[in-house]
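Working notes, beginning with the structure itself.
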Amino acid sequence: MIHLKIAEVAGKPVIQLDAADLASLGAAVGDVVAIEAVEATAVERGKAFVERYIKTFEALAK
């Protein structure tokens, strides 16, 4: 789990990450990281994950 802290810099909201969270994303300062925020249960998130990667799973199973 990554914790994001919202701060204000020069009048704009920014997301601040600590070094460990940045490393876990495999990102560095200046990188753009896409984050999908979804209000869902663990089951719904799991189902969405499987649906998103089903073709990959099927290919790996062969």
**Report entry** Ratio of Rg to Rh over the chain (Cα coordinates, Kirkwood Rh, two decimals)
**Finding:** 1.10
Report task. Count the net charge of all other residues whose Cβ sits under 12 Å from the Cβ of Leu4, scoring Lys and Arg as +1 and Asp and Glu as -1. Result -> -1
Report summary line: For the chain, longest principal axis from Cα atoms; helix 42-61 axis from its Cα atoms; angle between them, nearest 10 degrees, is 60
**Report entry** Peptides 49-60, 12-23 ordered by average Cβ neighbours within 10 Å, highest first
**Finding:** 12-23, 49-60
Requested in this report: Would you list which lysines come within 23 Å of Lys47, measuring only between C-alpha atoms, while excluding same-chain residues fewer than 8 positions from it?
Outcome: Lys55, Lys62
Query raised in the report: Quick one: Karplus J couplings for segment 9-25, per residue in order, coefficients 6.51, -1.76, 1.60, θ = phi - 60°, nearest Hz, x for Gly and Pro?
Result: 10, 6, x, 10, x, 9, 9, 9, 10, 7, 4, 5, 5, 4, 5, 5, 7
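Only the coordinates and a few stated rules stand behind these numbers; no lab work does. Just so we're clear, the structure is a prediction, and the values are computed from it rather than from any experiment. Note that each Cβ is placed from the backbone with ideal geometry, even for glycine, and that neighbours are counted across all protein chains shown.
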